[in-house]
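See structure below.
Since every read-out is calculated from the coordinates, none of them should be taken as a lab result. Just so it is clear, the structure is predicted and the values come from calculations on it, not from any experiment. Heads up, the Cβs are rebuilt from the backbone with ideal geometry, glycines too, and the neighbour counts pull from every protein chain shown.
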Amino acid sequence: MGFSSIFVSEALGTGVLILLGAGVVANVVLAKSKGFDGGWLLITFGWGLGVFGGVYVAYKTGGHLNPAVTIGNLFSGAKEYAPGIEVNFTNTVAYLSGQLVGAFLGACAAYVVYKKHFDEEPDEGKKLGVFSTGPAIRSYTWNFLTEVIATFVLVFVILAFGKTPSGLGPLAAALLVVGIGASLGGPTGYAINPARDLGPRIAYALLPTRRAASVAPERVPAGVAAGGAGQRVLEENPGDPVSSTEKNADWSYAWVPVLGPLVGGALAGLVAQWYM
């Protein structure tokens, strides 16, 4: 399988993941949505089912949908990313670039679906929360460690799935994501996927989300990840306040859901190489 085929497969699968994941967050947090205030469990199951659909769509490439999963496979010493796809530099770039582009496009599609609700929502923090993650308590060191640990669990267990086939296929990965969201998602909204956070965050920065003018500035509600439903940020070191009426992609935090999952995925691969 060549570069373009790998790229398209991962882009389509990741696009489906983000469309359904960002879509369930929008359904829960945006004004006048029929699913408004549906709660954390609705979001975690929505993201899990997004994984379920995305893995099936990207079946040709093993449905990584996540740079941390690709990096985990790389560090595990695997010879192939999927049957017939050799682990090499070119194929790695195809996976990573396809995932990032797919995440961006999936976020744009979710915006189109909820365009009128974005227009009605006065809180820019909630709009950002549809696209990207944010901490419940802002402490970069602890937020980073949370993402490392949660992603380690994700990638290590996925690698174990490959060694101990259960017949559940994508359903196993979907249930794993639901479990991580329910148990480890509270502190940061469990990004556990660099493309999932970075691609949609770029989309938010570029899309014409309408600014509100009738709400007084306040502390930003945290973003939502493969989880969070707009928890309010309590900053341990206040330094990057974001008004709810100002469009701000919170780039000062963006490195956490990118580097944390990459480190967690790499560590999972190394431990799997020793353990499995």
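When you filter the trypsin sites (Lys or Arg not before Pro) in the stretch 84-177 for DSSP loop state and at most 12 other Cβ atoms inside 10 Å of their Cβ, nothing is left. Rg over Rh for the stretch 39-126 works out to 1.09, both radii taken from alpha-carbon positions and Rh defined as the Kirkwood radius. Length gained on full extension, ASN88 to LEU41: 13.1 nm, using 0.36 nm per residue less the C-alpha separation. Note on VAL112 and MET1: the extension gain reaches 36.7 nm, defined as 0.36 nm multiplied by sequence separation minus the Cα-Cα distance. Across ALA173, ALA11, ALA78, mean-square fluctuation computed from a Gaussian network of the chain (C-alpha pairs under 10 Å connected) peaks at ALA78. Each of ILE137 and ALA160 was given a label point 7 Å from its Cα along the Cα-to-Cβ line. The distance between the two points is 2.8 nm. The Stokes-Einstein estimate for the chain, based on a Kirkwood radius over Cα pairs and taken at 37 °C with 0.692 mPa s viscosity, is a diffusion coefficient of 180 µm²/s.
Between ALA182 and LEU259, the modelled label-to-label distance comes to 3.3 nm, taking each label 7 Å out from Cα in the direction of the beta carbon. For a quick check, take a GNM of the chain with Cα springs below 10 Å and name the residue from VAL177, VAL51, VAL113 with the largest mean-square fluctuation. Of VAL177, VAL51, VAL113, the Gaussian network model singles out VAL113 as fluctuating most.
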